[in-house]
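**Q** Pasting a structure here, questions to come.
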Amino acid sequence: MKIIKKFNNNVIMSLNDKSQEVILIGNGLGFGVSPGDTINKDKIEKTFVIDNDYNRETVYDFLSDIPKEQLELTKDIIELTENLLKVQLNDYLYLSLSDHLYYAFKRHKSGTDISNPLLNEIQKIYPKEYEAAMLALQLIFESTGTKLAKDEAGFIALHFVNAQQGQITINETMKIPKMIKEILRIIEFHFSIQLDTSSISYDRFITHLKYFIKRSIDSNEEEHNSQTNVMLQSLRMNTPKIYDCVEKISEYMQKTQEVTINEDEKFYLFVYIYKLTTKE
């Protein structure tokens, strides 16, 4: 393999055996070499094929601009996270997380940090990834002296989630937290209450919603269970306010995801909302 372009002492571009453009990363991989030189394959740590998912010019400009220290920091964060989560994260996390941190540092330096409206939901839905992200913030502080806000931990956690699910976008990863937040808003507005986010019932409901949304989106099959139907009709008569709330959530799912919530799912929603909104 020959060097086509050198970004810095650790990042270069080349062609693989299929004549595809690849980004190669490794300590000292680009040190003392120039385009046309043979690559020391023993120094290659990560290989990225540049395909349609990544705009070439954007990637090249980014890798040329990002400081070497930030690339090394990203590498350390990924290794820390893989050890903590006991998983092999997608290699493209190196690019996406480097990009995110690069702009996070720029925002922090200019005093334009952004808030994370889904922070609470991310903490509840992805606790392990959030824990890893908080450790990443600590590592960032120890390495650079920059103290990023907890809001950034939420964004970083989503990158970790994304890197465990293959080639999907951050927007797709954010879909479930956004939907959970909206369902919680429906409940609070319907009952004119503020939910206790520290309660066990709340935590259990968040977990239920996570899998409820996944099931509803992945399998939009309307099931009919006569026994469940009878119970729902009884609940409708005896506790109409909770039943109406379940129907509002069902309407929200139909409107935004074009899925029909079956009666079993409605029943379990009813049970969880009852526990969440009723003081024993």
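Each reported figure results from applying straightforward, stated rules to the coordinates on display, with no laboratory input. As the structure is a computational prediction, the values presented were derived from the model and not from experiment. Glycine also receives a Cβ, built like all others from the backbone with ideal geometry; neighbour counts cover every protein chain displayed.
**Q** Whole-Hz Karplus ³J(HN,Hα) for the stretch 247-255, in order, using 6.51 cos²θ - 1.76 cosθ + 1.60 and θ = phi - 60°, x for Gly and Pro?
**A** 5, 5, 5, 4, 5, 4, 5, 5, 6
**Q** Which value in Å does the Kirkwood hydrodynamic radius of the stretch 34-115 take, with 1/r averaged over all unlike C-alpha pairs and then inverted?
**A** 14.7 Å
**Q** In percent, how large is the relative contact order of the chain, given Cα pairs closer than 8 Å and 6 or more residues apart? Spell out each step's value before the answer.
**A** Numbers: 311 pairs, mean separation 31.6, N = 280.
Answer for the chain is 11 percent.
**Q** So, with +1 on the Cβ of K and R and -1 on the Cβ of D and E, and no other charges, what is the size of the charge dipole of the stretch 5-65 about its Cα centre, to the nearest 20 debye?
**A** Values: 7 positive and 10 negative charges, 41 e Å.
For the stretch 5-65, the charge dipole is close to 200 debye.
**Q** What percentages, rounded to whole numbers, describe P(r) for the chain computed over all alpha carbon pairs with 5 Å bin width beginning at zero?
**A** Going from the shortest bin to the longest, the percentages are 1, 5, 11, 13, 14, 12, 10, 9, 8, 6, 5, 4, 2, 1, 0, 0.
**Q** Along its principal axes, what span do the Cα atoms of the stretch 68-173 show, with the longest given first and each in whole Å?
**A** Computed over the Cα atoms, the extents are 33, 30, 21 Å.
**Q** Against the longest principal axis of the chain, how steep is helix 68-85, in degrees 0 to 90 to the nearest 10, with axes from Cα atoms?
**A** 40 degrees
**Q** Put +1 on the Cβ of each Lys and Arg and -1 on the Cβ of each Asp and Glu in the chain; which of Ser198, Pro35, Thr256 then has its Cα farthest toward the positive end of the dipole?
**A** Value computed over the given set: Ser198.
**Q** Provide the per-residue ³J(HN,Hα) series for the stretch 156-164, in order, calculated from phi with Karplus coefficients 6.51, -1.76, 1.60 and θ = phi - 60°, each as a whole number of Hz, with x at glycine and proline positions.
**A** 5, 4, 5, 4, 5, 4, 4, 6, 9
**Q** Then there is this: Only four residue types carry charge here, +1 at the Cβ of Lys and Arg and -1 at the Cβ of Asp and Glu. Report the dipole size of the chain about the Cα centre in Debye, rounded to the nearest 20.
**A** Around 420 debye, computed over the chain.
**Q** In whole Hz and in residue order, list the ³J(HN,Hα) couplings for the stretch 191-197 that follow from phi through the Karplus curve 6.51 cos²θ - 1.76 cosθ + 1.60, θ = phi - 60°; x for Gly and Pro.
**A** So the J values, rounded to whole Hz, are 9, 6, 9, 10, 5, 7, 6.
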